[in-house]
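Novice: Here it is, the structure in full.
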Amino acid sequence: AFEVKTLLGTAGMVTLDPGFGNTASCKSEITYIDGAAGILRYRGYPIQDLAQGSSFLEVCYLLIKGRLPEAAELKEFADELRSNAELPEGMADMLDAFPRNAHPMTLLASAVNTLSAFYADSVNPQDPAQVDLATTRLLAKLPTIAARIYRNSIGEAPIAPDPSLDYVENFLNMTFGSAKPEGEVGELFAKAMDLLLILHADHEQNCSTATVRVVGSSQADLYGSVSAGINALFGPLHGGANQAVLEMLEQIREMGGDLDAFLAQVKDRESKTRLMGFGHRVYKNFDPRSREIKGLARQILDRQERPDELFELALKLEDKALADSYFTERKLYPNVDFFTGVIYRAMGFPTSMFTVLFAIGRLPGWIAHWREQLADPATRISRPRQLYIGPGERSYPGRA
Ligand code: ACO
């Protein structure tokens, strides 16, 4: 469906490839996707195996360092993150000063950008020790920043990181505090959160990762490059889709739950309505992550006393879309975001925090790509060409 043209323009021989659908911008060893077969592997390991056998921190290590850690290495890695989880002095005041009703993604990107102001000792891409320090600080502090943004938004006092807890438990504790469920449900939520982070951890040259690479190619520091990636992720066609799916389901419910009417609206090109959580640039078959997530959604929502109305609606909507030639002809299937929202909602997160959770998951991928690009001798500054289609030279009007 993509049109790629090689044209001779004023720029010489250039390829016109809108959205870069057919353009590889780099070589990478990190993530393999076969969109037609629905295959996703991190550093060679199938996503299903990692989802079953690994923790999110292990996957962070794998993506960034290229191999799975030994038990002692993983402990050291986790301890390092624990001891760096506090916010820098001054950042808490900065976060508290933002408007309470601002979108958490805007605040997250701003906070990450200012890490380079608080930590000027780790902004030099040419110094490997500084890059390692920035890597640790980002991984350690992003959950703390995210939790503080959430607590501020609901007018509750922040909760400091607890070094006795593991990465995901600590994030849930800083977010929900005493409202966090204990026992079996608490464990299930922590396991679910860990799994969702693993499934979001990398996806080769998606919009936000490509952004991190483009910004990093100018040798901007890691904090600034990741902040740019967070802003790219915020868009509803990318990470913002998880929020958009929930809003879409709520809108359908308000319309009386008429799925046929909604799908007719999607198919009416004039309406510019999309079925959010469906479609993918690379997957032209099932997104393997969406299968894992659907199973998780069942596990969590089946435990609730009453059936979850929005989950039921999502299941019916999925069935109807998959039986509709509009979607099958265009190879539109549920993507990673179709069912994540209903899970996050069941766990107690407000819609506006959904994309923040995606950002916490995608962080190791962004870092791994930024570092891989830095180490690659073939790296050049990202600088696409264009085909100029504006007017030729015009004579400048004489002024009276
Ligand atoms: N609903 C209805 N129609 C769609 C959808 C959708 N979700 N997605 C694509 N289409 C249609 C397009 O209208 C187009 O139809 P046409 O050939 O008749 O003109 C055709 O399918 C191809 O669509 P493109 O926009 O060219 O596909 P592209 O690869 O550029 O876009 C994208 C991929 C952005 C994911 C798109 O499918 C979309 O907007 N999906 C909804 C948003 C979403 O869920 N995003 C999350 C993606 S996963 C992630 O980033 C984490």
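Novice: With segment 68-118 as the region, which helices (runs of 4 or more DSSP H) entirely inside it contain at least 1 residues that are under 30 Å from Ser54 (Cα atoms) and among the basic types (Lys, Arg)?
Specialist: So the answer is 71-82.
Novice: Could you grab the pairs with beta carbons closer than 7 Å, sequence gap of 6+ or different chains, first residue in segment 201-218 and without any contact (Cβ under 8 Å) to a residue 60 or more places away in the chain, second one small (Gly, Ala, Ser)?
Specialist: Close Cβ pairs (under 7 Å, with a partner that is small (Gly, Ala, Ser)) amount to Cys207/Ala232; Thr211/Ala228; Thr211/Gly229; Thr211/Ala232; Val215/Gly224; Val215/Ser225; Val215/Ala228.
Novice: Taking interchain pairs and intrachain pairs at least six residues apart, which have beta carbon atoms under 8 angstrom, with the first residue in segment 263-282 and part of a helix (DSSP H, G or I) and the second modelled with pLDDT of 90 or more and near the ligand (Cβ under 6 Å from one of its atoms)?
Specialist: The qualifying pairs are Leu263/Leu275; Val266/Arg274; Val266/Leu275.
Novice: Just give me the residues in segment 276-293 being over 18 Å from the mean Cα position of the chain (by Cα) and either more than 12 Å from the ligand (Cβ to nearest atom) or crowded, with 23+ Cβ neighbours inside 10 Å (or both), in sequence order.
Specialist: Asn285, Phe286, listed by residue number.
Novice: With respect to Val168, determine if the residue is under 29 Å from Arg303 (Cα atoms) and in contact with an Asp or Glu (Cβ under 8 Å, 6 or more places away or on another chain).
Specialist: Judged against the criteria, Val168 is a match.
Novice: Only one of (1) surrounded by fewer than 20 Cβ atoms within 10 Å (Cβ to Cβ); (2) under 19 Å from Asp202 (Cβ atoms); (3) polar (S, T, N, Q) is not met by Asn335, so which one is it?
Specialist: For Asn335, the exception is condition (1).
Novice: Look through Arg362, Arg380 and report the one residue that is of a type in the set (Lys, Arg), within 17 Å of the chain's Cα centre (by Cα) and at pLDDT 95 or above.
Specialist: Only one candidate passes the filter, namely Arg362.
Novice: Determine the pairs where a residue that is under 15 Å from Ser110 (Cβ atoms) and of a type outside the set (A, V, I, L, M), located within segment 126-154, has a partner that is surrounded by fewer than 18 Cβ atoms within 10 Å (Cβ to Cβ) and modelled with pLDDT under 95 with Cβ atoms under 6 Å apart, the partner being 6 or more residues away or on another chain.
Specialist: From residues that are under 15 Å from Ser110 (Cβ atoms) and of a type outside the set (A, V, I, L, M), the pairs are Ser153/Arg100.
Novice: From (1) over 30 Å from Ile33 (Cα atoms); (2) in contact with a Pro (Cβ under 7 Å, 6 or more places away or on another chain); (3) in contact (Cβ under 8 Å) with a residue 60 or more places away in the chain, pick out the condition that doesn't hold for Met174.
Specialist: If we test Met174 against (1) over 30 Å from Ile33 (Cα atoms); (2) in contact with a Pro (Cβ under 7 Å, 6 or more places away or on another chain); (3) in contact (Cβ under 8 Å) with a residue 60 or more places away in the chain, just (3) comes out false.
Novice: Another one. Which residue pairs have Cβ atoms closer than 6 Å, lie 6 or more positions apart in sequence or on different chains, and pair a first residue in segment 372-400 that is in contact (Cβ under 8 Å) with a residue 12 or more places away in the chain with a second residue that is surrounded by 10 or more Cβ atoms within 10 Å (Cβ to Cβ) and assigned to a loop (DSSP other than H, G, I, E, B)?
Specialist: Matching pairs, first to second residue: Gln373/Thr379; Leu374/Pro125; Ile381/Ser217; Ile381/Ser218; Ser382/Ser217; Arg385/Ala11.
Yes/no per residue for (1) in contact with a Ser or Thr (Cβ under 8 Å, 6 or more places away or on another chain); (2) surrounded by 15 or more Cβ atoms within 10 Å (Cβ to Cβ):
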{"residue": "Leu87", "(1), (2)": "yes, yes"}
{"residue": "Met91", "(1), (2)": "yes, yes"}
{"residue": "Ser110", "(1), (2)": "yes, yes"}
{"residue": "Ala120", "(1), (2)": "no, no"}
{"residue": "Ala129", "(1), (2)": "no, no"}
{"residue": "Leu139", "(1), (2)": "no, yes"}
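Novice: Please identify the pairs in which a residue from segment 231-248 that is in a helix (DSSP H, G or I) and charged (D, E, K, R) has its Cβ atom under 7 Å from the Cβ atom of a residue that is more than 7 Å from the ligand (Cβ to nearest atom) and at pLDDT 90 or above, counting only partners at least 6 apart or on another chain.
Specialist: Sorted first by the residue in segment 231-248, then by its partner, the pairs are Glu247/Thr351.
Novice: Moving on to the next point. Since Asn285 meets every condition but one in (1) farther than 20 Å from Leu275 by Cα; (2) assigned to a loop (DSSP other than H, G, I, E, B), which condition does it not meet?
Specialist: Going through (1) farther than 20 Å from Leu275 by Cα; (2) assigned to a loop (DSSP other than H, G, I, E, B) one by one, Asn285 breaks only (1).
Novice: When you check Gly256 against the structure, is it surrounded by 18 or more Cβ atoms within 10 Å (Cβ to Cβ) and either part of a loop (DSSP other than H, G, I, E, B) or touching a helix residue (DSSP H, G or I) at 6+ places or on another chain (Cβ under 7 Å) (or both), yes or no?
Specialist: Spelling it out, it is not the case that Gly256 is surrounded by 18 or more Cβ atoms within 10 Å (Cβ to Cβ) and either part of a loop (DSSP other than H, G, I, E, B) or touching a helix residue (DSSP H, G or I) at 6+ places or on another chain (Cβ under 7 Å) (or both).
Novice: For Ser225, work out the one condition from (1) among the polar types (S, T, N, Q); (2) modelled with pLDDT of 95 or more; (3) within 14 Å of the ligand (Cβ to nearest atom) it doesn't fulfil.
Specialist: Going through the list (1) among the polar types (S, T, N, Q); (2) modelled with pLDDT of 95 or more; (3) within 14 Å of the ligand (Cβ to nearest atom), Ser225 breaks only (3).
Novice: Sticking with this one: Being of a type in the set (Val, Ile, Thr), crowded, with 17+ Cβ neighbours inside 10 Å and out of contact with any Lys or Arg (no Cβ under 9 Å at 6 or more places or on another chain) is the requirement here; does Val59 meet it?
Specialist: Spelling it out, Val59 is indeed of a type in the set (Val, Ile, Thr), crowded, with 17+ Cβ neighbours inside 10 Å and out of contact with any Lys or Arg (no Cβ under 9 Å at 6 or more places or on another chain).
Novice: Having 1 or more residues that are modelled with pLDDT of 95 or more and within 16 Å of the ligand (Cβ to nearest atom) is the bar; report the helices (runs of 4 or more DSSP H) wholly within segment 120-203 that clear it.
Specialist: Per the criteria, 183-200.
Novice: Looking at (1) in contact with a Ser or Thr (Cβ under 9 Å, 6 or more places away or on another chain); (2) at pLDDT below 95; (3) surrounded by 22 or more Cβ atoms within 10 Å (Cβ to Cβ), which one does Val342 not meet, given that it meets all the others?
Specialist: Failed condition: (1).
Novice: Just checking, how many residues over segment 206-230 are out of contact with any helix residue (DSSP H, G or I) (no Cβ under 7 Å at 6 or more places or on another chain), surrounded by 20 or more Cβ atoms within 10 Å (Cβ to Cβ) and not in a helix (DSSP H, G or I)?
Specialist: Within segment 206-230, residues that are out of contact with any helix residue (DSSP H, G or I) (no Cβ under 7 Å at 6 or more places or on another chain), surrounded by 20 or more Cβ atoms within 10 Å (Cβ to Cβ) and not in a helix (DSSP H, G or I) number 1.
Novice: Exactly one condition in (1) assigned to a loop (DSSP other than H, G, I, E, B); (2) in contact with a strand residue (DSSP E or B) (Cβ under 9 Å, 6 or more places away or on another chain) is false for Leu62; which is it?
Specialist: (1) is the only condition that Leu62 fails.
The values are calculated or read from the model by the stated rules, or taken from the named source; none is laboratory data. Just so you know, these numbers come straight off a predicted model, no measurement behind them. We place every Cβ from the backbone using ideal geometry, glycine too, and count neighbours over all the protein chains shown.
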